[in-house]
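Notes to accompany the following structure.
The values are calculated or read from the model by the stated rules, or taken from the named source; none is laboratory data. Quick caveat: nothing in here was measured; it's all calculated off a predicted structure. Note: ideal-geometry Cβ built from the backbone for every residue, glycine included; neighbour counts use all protein chains shown. Only protein heavy atoms, including side chains, enter the accessible area calculation; ligands, DNA and RNA are left aside. Shrake-Rupley method; radii C 1.70, N 1.55, O 1.52, S 1.80 Å.
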Amino acid sequence: RMLCMSSTGDSGGATFVVPVASSKWLDAHYDPVANLYTFSSCIALSDLHGDGENKLVVGDLGTGVCNMKLKVYRGTGLLSESTLLDLPTGLVSFPMDLHEPRTPAIAVASGPFIYVYKNLRPYFKFTLPSLEANPLEQDVWSQAKEMSLPSTPTLMDVTGQFDVEFRITVACRNGNIYILRRDSPKPKYCIELSSHPVALVRMGKNVVVGCTHETLHGYTQKGKKLWTAYLPAPVTTMALMDLPTRGFQAVLVGLANCEVHVYRDKNLVSTIKTPDVVTSICFGRYGREDGTLIMTTKGGGLIVKILKRTAVFDDRDSASGPPIAQSIRLNVPKKTKLYVDQTLRERENAVAMHRAFQMDLSRLRLAAARAYVKALESSLTPMSASLTEPLKMNAVVQGLGPSFKLTLNIQNTAACRPVMNLAISFLYDENLYSMRTAFFKIPLLVPGLNYPIDTFVECLSDKGISDIIKVFVLREGKSAPLLTAHINMPVSEGIALN
């Protein structure tokens, strides 16, 4: 499938025929020599003529010394351009008229001035800060002067209405983000970042910040950290992707590795490859297409992509990493009065509690050491403590009763020395059990081999009780056993036959 768009203006009427890749985006237009050098803060999409067709308005930086212009694009062609006297630092579209149709105007911050353009013509110029404020706006400016920040602002996002409630999110050069509210002359909340912010985007009630250490952070509007995503390259620019018709919101993140990542919260839902490093991003309605992505590159190119109407963004993260369930916040209950009282008690008696803990820990270690020594002295361990006869034994009981098969697995764990002259003896309650052979000798044990020894146990009681049978591994000429095992016999489920 091929998508064909004609281009006029700076590109000389060239026609670009671009193959459409099997992705979520259609490659609508790419002009590598558009000579557009700008940032995301100097791009806007607006219906300048009230005809339902949005135009692209760009504050072009030119060479940084000359050729600074305000350019307006319609489709892929340049509609108009106006010369700017200084570098543009910001550009917004806003409605000026109170009556219908409310044709938007363009405000451009350039040097110490704010230029207002209406119908693509210069309409007004504000000079900051020497211009006297309008008497109707005197109260507004006086309140704005009362808001102070501890450092120079570099990024700003504003939401709300001045007469009702508003929030101003400001990223400053000291690496912190401050949140101002209507009734507070000083910052209400402060977000301390581990590295300096590069871009700032508000998504709903949350703030997404891209930092210099190749990280993307999400915060609430009160400054609480929600998540962190690690990026494969440094951040160059960011913008909001809002599709009201689908109820979808995401953050577009331009990276220095010629990629644009689409994040929904901390989940990477789409990746866009670009021919050059992206320096500015704008998403919105362009012309009559709602889902249009406009990007400018480091080399001055212009890229236009259109979101497919059949595109679906999965909620699961397409990047490798832990599952989504790991990032789901737990419903932690609120702190109760008992919890607060316990915390205060621990804080006041921390030294005494630590000493009591250390005392209990020492007693536990002493009890464990005594039990270990007792087990070694009485040969109650499953492995022999003797270096001359290193043995290991385990027992298996089979059967439902009253007859049980008892199997002893004995192994010589020595490297190359065999063990001989051993015997096995059983100690049990003769009123409950009887054994055909309660004492027998063990043949020579070769190292590394497992020797199963079988015997049969008969349960004499029909009262449903059981007991322990003790097994001793003996050495001729020694009174202390080499190994001792206690076998918990199961309850007999059968009926004894006379």
All lysines inside 27 Å of Lys118 as judged from Cα atoms, apart from same-chain residues fewer than 8 positions distant
Lys55, Lys69, Lys71
Sequence neighbours fewer than 8 away in the same chain don't count; with that in mind, list the lysines whose C-alpha is under 27 Å from Lys405.
Lys392, Lys441, Lys463, Lys470
Sort Lys224, Lys55, Lys405, Lys334 by heavy-atom solvent-accessible area, probe 1.4 angstrom, most to least.
Lys334, Lys224, Lys405, Lys55
Labelled set (i) 29.4, 151; (ii) 23.7, 81; (iii) 40.4, 119; Rg and Dmax of the Cα atoms in Å computed from this model equals the value at (iii)
Calculate, for Ile465 and Ala423, the FRET efficiency according to 1/(1 + (r/R0)^6) with r their C-beta to C-beta distance and R0 35 Å; round to the nearest 0.05.
0.75
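Quick check: convex hull of the Cα atoms in region 391-488, volume per residue, rounded to a whole Å³? Each step should come with its number before you reach the end.
On the way: hull volume 8.8 nm³, N = 98.
Spread over its residues, the Cα hull of region 391-488 gives 90 Å³ apiece.
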Heavy-atom accessible area per residue - the chain, 1.4 Å, Å²
58
Run the numbers for Met353 and Asp163: contour at 0.36 nm per residue of separation, minus the present Cα-Cα distance, in nm.
62.8 nm
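Keeping all protein chains in place and using 1.4 angstrom, which order do Asp60, Asp429 fall into by accessible surface area, from largest down? Could you put the intermediate results ahead of the total?
Values: Asp60 5, Asp429 55 Å².
Per-residue accessible area, sorted high to low, gives Asp429, Asp60.
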Distance in nm between label sites at Val116 and Cys416, each 7 Å beyond Cα in the beta-carbon direction?
10.0
Asp276 accessible area, assembled protein chains, probe 1.4 Å, Å²:
40
May I ask you to list the lysines whose Cα is less than 27 Å away from that of Lys222, ignoring any residue fewer than eight positions away on the same chain?
Lys145, Lys186, Lys188, Lys205, Lys266, Lys334, Lys335, Lys337
Amide H to amide H, which residues 5 or more places from Ile442 or on other chains are under 5 Å from it, using H placed in the peptide plane?
Leu422, Ala423, Ile424
Run the quick spin-label model on Glu458 and Ser403: label points 7 Å from Cα toward the beta carbon, then report their separation in nm to one decimal.
1.0
Helix hunt in the chain: which complete DSSP H runs extend at least 15 Å axially by C-alpha with mean Kyte-Doolittle at least -0.5?
350-377
Full extension from Thr127 to Asn394: what is 0.36 nm times the residue separation minus their Cα-Cα distance, to one decimal in nm?
86.8 nm
So how exposed is Tyr30, as accessible area in Å² (1.4 Å probe, rounded to 10)?
80
Which value, in Å² and to the nearest 10, is the accessible area of Ser41 when all protein chains are kept and the probe is 1.4 Å?
60
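Ordering Arg202, Arg246 by how much accessible area each has at a 1.4 Å probe, largest first, what is the list?
Working: Arg202 30, Arg246 100 Å².
The residues order as Arg246, Arg202, largest area first.
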